[in-house]
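Colleague: This is the structure I have questions about; it appears just below.
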Amino acid sequence: VLTDEDYEKLNDKGTDLANAVEITCKGKEIKIPDEKFFYDKDGTKRFHVRVKWWLNPNSHSLKDLSILEDLKLSSANTDKLEGDYYNADQKPVFFGHYWFKGKPNLLRENICCLDYSIAKGGYLTAYRYSGEPILEAKNLIYV
């Protein structure tokens, strides 16, 4: 249960609670190195990019980590990054708000996105979960 004080902290950018809610609602983002930026679909200048938090940033480039398929950055900005990520041995996690395209599939045996762009002609997606520690693609249901 959130207290009145907690609600006030939600408005204070940089607090642990505000950061946790931001990441939970919008996904993990990282600052693009070297003051580079891109324009989003609405023309807004962005200096941070949402990343695939289930991939090890120590072994992937920024372009590989980016959720954006067409992130346009010079090769100078694809150096390896450091940071935490959701390991393959952690509990299964389900999430949305990522607007993936194509047929729904597991991103990894413990990572399942249920957002496959239904509002843009994609699929309404669900997963029939029975408590299994390793997710199975056959349990994805979509129309």
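Colleague: From L65, L2, grab the single residue that is aliphatic (A, V, I, L, M) and surrounded by 12 or more Cβ atoms within 10 Å (Cβ to Cβ).
Modeller: Testing whether each residue is aliphatic (A, V, I, L, M) and surrounded by 12 or more Cβ atoms within 10 Å (Cβ to Cβ) leaves just L65.
Colleague: Test F95 against the stated conditions and say whether it is without any contact (Cβ under 8 Å) to a residue 12 or more places away in the chain and among the aromatic types (F, W, Y).
Modeller: It is false that F95 is without any contact (Cβ under 8 Å) to a residue 12 or more places away in the chain and among the aromatic types (F, W, Y).
Colleague: Moving on. In region 1-21, is there at least one residue being in contact with a strand residue (DSSP E or B) (Cβ under 8 Å, 6 or more places away or on another chain), aliphatic (A, V, I, L, M) and at negative phi?
Modeller: no
Colleague: Could you tell me how many of the residues in region 1-53 are part of a loop (DSSP other than H, G, I, E, B) and over 14 Å from the mean Cα position of the chain (by Cα)?
Modeller: 17
Colleague: Let me ask you something else. Looking only at region 23-45, which residues are crowded, with 16+ Cβ neighbours inside 10 Å and under 22 Å from F95 (Cβ atoms)?
Modeller: G27, K28, E29, I30
Colleague: I need the full set of residues from region 5-22 which are charged (D, E, K, R) and surrounded by 14 or more Cβ atoms within 10 Å (Cβ to Cβ), in order please.
Modeller: Result: K9, E22.
Colleague: Still on this model: Can you give me the ranges of the strands (runs of 3 or more DSSP E) entirely in region 78-143 with at least 1 residues that are within 30 Å of F37 (Cα to Cα), modelled with pLDDT of 90 or more and open to solvent by 70 Å² or more (accessible area, probe 1.4 Å)?
Modeller: Here the list reads 93-95.
The values are calculated or read from the model by the stated rules, or taken from the named source; none is laboratory data. Predicted model only: the values in this text are computed from it and were never measured. Positions of Cβ are backbone-derived with ideal geometry, glycine not excepted, and every protein chain shown enters the neighbour counts. Note: areas computed on protein heavy atoms with side chains; ligands, DNA, RNA excluded. Shrake-Rupley method; radii C 1.70, N 1.55, O 1.52, S 1.80 Å.
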